[in-house]
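The values are calculated or read from the model by the stated rules, or taken from the named source; none is laboratory data. Just so it is clear, the structure is predicted and the values come from calculations on it, not from any experiment. All Cβ positions, even for glycine, are placed from backbone atoms using ideal geometry, and neighbour counts span all protein chains on display.
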Amino acid sequence: MSVSQFRILLSWSATLLLLVARSSSATEPIVARFEEAKRPEKWLVNFGHWEPKDGVLVCRQLDKDNHAAASRWQIPSKDAAIKLRLKFDGATGFHLGFDPAPGELKKQGHLYSLVVTPTQAQLKKHKDKANDASKDQTLATASLNAAAGEWLDVELRTAGEKVTATVGKTAKLEASDPTFSVAKPTVVFRVIGGDVLLDDVQVTVLKGAEIKPAEKRSAKKG
């Protein structure tokens, strides 16, 4: 083999390795910066007020709903990383989490959530709404001391059965459960007790999931 042929072979090998690496890596983040006058495509509202204003998403629980403000960004995944900036503006709580895709589990209701208040962050596995004896389980807790008007950087990541989260500069949480690895049709956002401002929401699908059309549901839910 000549030197030129060897160099061509090396070049082909490097290109092949690069293509394999790209095909097995995460997709590009899906980003919402709320610079437009409407929510991103496939970000649907179940309850409450979720409207962009002045470059942020204003998220508000409404008294008339008698329910936490809830919305869902329809991005299917098994593993995903969500990053966002959060500021409390009157609300007492913010939830970021997932539902299991219909048929994945023998339960009703949410899968798990990162629950953030101005004073703490928690990872919660949610109860089975079909079982009156079932209750939410707090799997991890970290203290938080959000100053008035402070923007908090939030990251939530699912990798198989493992979930990790960071809130602000100090709160770090980790939990695991066999149910966390199931397919998830949407990212779920909830706000309790007032207003929360969101900005720079990024969803990176680390492992995709195919949600069958027959399994998609549009009815209101929390």
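Residues that are closer than 22 Å to S77 by Cβ and aromatic (F, W, Y) do not occur anywhere in the range 147-155.
Results for (1) on the phi > 0 side of the Ramachandran plot; (2) touching a Phe, Trp or Tyr at 6+ places or on another chain (Cβ under 8 Å); (3) of a type in the set (G, A, S), shown as yes or no for each residue.
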| residue | (1), (2), (3) |
| --- | --- |
| K124 | no, yes, no |
| D136 | no, no, no |
| T158 | no, yes, no |
| A165 | no, no, yes |
| F180 | no, yes, no |
| F189 | no, yes, no |
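Within the range 69-92, the residues that satisfy the criterion of being closer than 29 Å to A133 by Cα and crowded, with 19+ Cβ neighbours inside 10 Å are A69, A70, S71, R72, K78.
Looking across the range 93-120 at every residue that is of a type in the set (D, E, K, R) and surrounded by 18 or more Cβ atoms within 10 Å (Cβ to Cβ), the one that is nearest to G168 (Cα to Cα) is identified as D99. Within the range 80-113, the set of residues being of a type in the set (A, V, I, L, M) and outside any strand (DSSP E or B) comprises A91, A101, L105, L111. Cβ-Cβ distances below 7 Å connect the following pairs, each with a first residue in the range 172-199 that is closer than 14 Å to K162 by Cα, a second residue that is surrounded by 21 or more Cβ atoms within 10 Å (Cβ to Cβ) and among the hydroxyl-bearing types (S, T, Y), and a separation of six or more residues or different chains: F180/Y112; F180/T158. Only one of the listed residues (K135, K124) is among the charged types (D, E, K, R) and closer than 26 Å to V58 by Cβ. That residue is K124.
A Cβ distance below 8 Å, combined with a sequence gap of six or more or placement on separate chains, defines the contacts here; from the range 129-140, residues that are over 14 Å from H110 (Cβ atoms) reach residues that are part of a strand (DSSP E or B) and of a type in the set (D, E) in the pairs A140/E174.
Applying the criterion of at least 1 residues that are acidic (D, E) and closer than 23 Å to P52 by Cβ to the strands (runs of 3 or more DSSP E) found wholly in the range 114-222 leaves 152-159, 195-207. Every listed requirement among (1) at pLDDT 95 or above; (2) loosely packed, with under 15 Cβ neighbours inside 10 Å; (3) over 27 Å from F88 (Cα atoms) is met by L206 save one, (2). Tell me yes or no: at least one residue of the range 110-122 is within 17 Å of S77 (Cβ to Cβ), in contact (Cβ under 8 Å) with a residue 40 or more places away in the chain and touching a helix residue (DSSP H, G or I) at 6+ places or on another chain (Cβ under 9 Å). Yes, the conditions are met somewhere in the range 110-122. Within the range 45-59, being acidic (D, E) and not in a strand (DSSP E or B) holds for one residue alone: D54. When the range 167-182 is filtered for residues that are more than 13 Å from S113 (Cα to Cα), in contact with an Asp or Glu (Cβ under 7 Å, 6 or more places away or on another chain) and surrounded by 14 or more Cβ atoms within 10 Å (Cβ to Cβ), the ones remaining, listed by number, are G168, S181, V182.
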